[in-house]
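The block underneath contains the structure these notes are about, expressed in structure tokens.
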Amino acid sequence: MALAGHCECGGIRFSVDESALLGTGYCHCSICRRLSGAPVNAWVAVDPAALAVAGAPALYRSSERGQRAFCPTCGSQLWYAPDDGSFLTLNATGFDDPEAPALRPQVHIFDADRLGWFEIADSLPRSPDGSLPGG
Ligand SMILES: [Zn+2]
Ligand SMILES: [Zn+2]
């Protein structure tokens with residue numbers, strides 16, 4: 001089943017088959033916070049080869065390890081792509097149906113960077129850094 005999404009203005013559209021999903025979660029790192037404009041960013045990791053994109057996203061190098069794609073018109077952040085090409089994390093909130101069961105976050109990463117006033121009310125596993133708990 002294809003999961004589709006788009007930036008706020010619709011200038012960039014993307015879709016990925018559900019079978020290409022590698023994991024989902026929340027990221028509390030300061031880079032995600034600033035770029036998303038929210039206290040936490042929900043991500044959906046996918047196989048980069050499975051991502052279909054219509055439109056021309058702009059790229060921003062957010063760290064020495066990878067780049068972020070965003071819409072040059074409306075500014076919506078679309079995804080993070082590490083340079084090694086091993087995966088790509090789409091912003092879960094850009095999907096047409098962010099509440100699709102397959103997109104539901106399953107882990108918290110960079111919990112050590114979480115804002116003190118942002119309290120987690122779920123029982124999902126937490127990782128202090130970018131590593132996946134138990135993975
Ligand atoms: Zn846009
Ligand atoms: Zn992050």
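From the list ASP97, ASP111, which one is closer than 22 Å to SER19 by Cα and in contact (Cβ under 8 Å) with a residue 24 or more places away in the chain? Within the list ASP97, ASP111, the selection yields ASP97. Every condition in (1) open to solvent by less than 40 Å² (accessible area, probe 1.4 Å); (2) within 16 Å of ligand 1 (Cβ to nearest atom); (3) within 29 Å of ASP113 (Cβ to Cβ) holds for GLY10 except the one numbered (3). For a quick check of your reading of the model, give me the residue pairs whose first member lies in segment 57-79 and is more than 15 Å from PHE14 (Cβ to Cβ) and in contact (Cβ under 8 Å) with a residue 12 or more places away in the chain, whose second is outside any strand (DSSP E or B) and within 12 Å of ligand 2 (Cβ to nearest atom), with beta-carbon atoms closer than 6 Å and at least 6 apart or on different chains. Partner pairs satisfying both residue conditions: SER62/ILE31.
Among the numbered conditions (1) open to solvent by 40 Å² or more (accessible area, probe 1.4 Å); (2) within 15 Å of ligand 2 (Cβ to nearest atom); (3) within 30 Å of ALA121 (Cα to Cα), the only one that GLY23 does not meet is (1). Sort out which residues of segment 33-42 are without any contact (Cβ under 8 Å) to a residue 60 or more places away in the chain and either open to solvent by less than 40 Å² (accessible area, probe 1.4 Å) or under 21 Å from GLN106 (Cα atoms) (or both), and write them in order of number. Across segment 33-42, the qualifying residues are SER36, ALA38, ASN41.
For segment 17-108, the strands (runs of 3 or more DSSP E) that sit wholly inside it and include 2 or more residues that are within 16 Å of ligand 1 (Cβ to nearest atom) and under 13 Å from the mean Cα position of the chain (by Cα) are 66-70, 77-82, 88-91. Entry remark, segment 52-73: residues being closer than 27 Å to MET1 by Cβ and open to solvent by 30 Å² or more (accessible area, probe 1.4 Å) number 7 in total.
Among the residues making up segment 7-24, none is closer than 26 Å to PRO72 by Cα and touching an Asp or Glu at 6+ places or on another chain (Cβ under 7 Å). Restricting attention to segment 114-129, the residues being within 15 Å of ligand 2 (Cβ to nearest atom) and either touching a residue at least 60 places away in the same chain (Cβ under 8 Å) or small (Gly, Ala, Ser) (or both) number 4.
The values are calculated or read from the model by the stated rules, or taken from the named source; none is laboratory data. No experiment lies behind these values; they were computed from the predicted model shown. Note that we place each Cβ from the backbone using ideal geometry, even for glycine, and neighbour counts take in every protein chain shown. With ligands, DNA and RNA removed, areas are computed over all heavy atoms of the protein, side chains included. Shrake-Rupley method; radii C 1.70, N 1.55, O 1.52, S 1.80 Å.
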